[in-house]
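A.B. asks: I have a structure I would like to understand better, so I am pasting it below and will then ask my questions one at a time.
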Amino acid sequence: QVQLVESGGGLVQPGGSLRLSCAASGSILRINVMGWYRQGPGKERELVAAITSNGRTNYADSVKGRFTISRDNAKNTVYLQMNSLKPEDTAVYYCNANIAPISFVALDYWGQGTQVTVSS
């Protein structure tokens, strides 16, 4: 049973920082791309950042220079370091990973979501 567990969300003031983490567990043969999505109030879900198994990254224009995605393949974990946070970063953040379970084709899995609120 593959699942993703997120942590690190919370309330922070503008200009502050948070670090999100997402750990995959279960019978995992291989993890391909891992990424973070977010959905703010009244907005559609959008891709924030993604990282391949080789460490290649992609960021939304709105977070470039402020957010950094990384992963620890030995721990099956992806991180999102968020600096210089703005109120418009307020959203539920979802971890996503393309995972091949043992003896099964690779599929997309999602975390439960973690709330990030940026407010004074």
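The values are calculated or read from the model by the stated rules, or taken from the named source; none is laboratory data. Treat the numbers as computed from the prediction; the structure is a model and nothing was measured. With ligands, DNA and RNA removed, areas are computed over all heavy atoms of the protein, side chains included. Shrake-Rupley method; radii C 1.70, N 1.55, O 1.52, S 1.80 Å.
A.B. asks: Please calculate how many Å² of accessible area the chain carries per residue, with a 1.4 Å probe and no DNA, RNA or ligand atoms counted. Walk me through the intermediate numbers first.
C.D. replies: Working: 6420 Å² over 120 residues.
Here the residues of the chain average 53 Å² of exposed surface.
A.B. asks: Further, regarding this structure: In a GNM of the chain with a 10 Å cut-off on Cα contacts, which of Leu20, Leu47, Leu29 has the highest mean-square fluctuation?
C.D. replies: Its mean-square fluctuation being the largest, the pick is Leu29.
A.B. asks: Just one of (i) 41, 31, 25; (ii) 49, 24, 23; (iii) 40, 25, 22 is Cα extents along the principal axes in Å as worked out from the coordinates here. Which one is it?
C.D. replies: So the structure-derived entry is (ii).
A.B. asks: Also, I was wondering about something else. Tell me the carbon and sulfur percent of the accessible area for the chain, rounded to whole percent, probe radius 1.4 Å.
C.D. replies: Result for the chain: 47 percent of the exposed heavy-atom area is carbon or sulfur.
A.B. asks: Another question, if that's okay. Can you work out ³J(HN,Hα) from phi for every residue in the range 47-58, in order, using Karplus 6.51 cos²θ - 1.76 cosθ + 1.60 and θ = phi - 60°, giving whole Hz and x for Gly and Pro?
C.D. replies: 6, 9, 7, 9, 8, 7, 5, 8, x, 6, 10, 9
A.B. asks: Please enumerate, by chain and number, the aspartates and glutamates with C-alpha under 20 Å from the C-alpha of Lys86, excluding those fewer than 8 residues away in the same chain.
C.D. replies: Glu44, Glu46, Asp61
A.B. asks: Contour minus end-to-end for Asn73 and Trp110, with contour as 0.36 nm per residue of separation and end-to-end as the Cα-Cα distance?
C.D. replies: Length gained between Asn73 and Trp110: 11.6 nm.
A.B. asks: What is the gain in length, in nm to one decimal, between Asn32 and Arg66 on full extension, counting 0.36 nm per residue of separation less the C-alpha to C-alpha distance?
C.D. replies: Here the segment from Asn32 to Arg66 would lengthen by 9.8 nm.
A.B. asks: Between Gln3 and Asn58, 0.36 nm times their residue separation minus their Cα-Cα distance comes to what?
C.D. replies: The span from Gln3 to Asn58 would gain 17.5 nm if fully extended.
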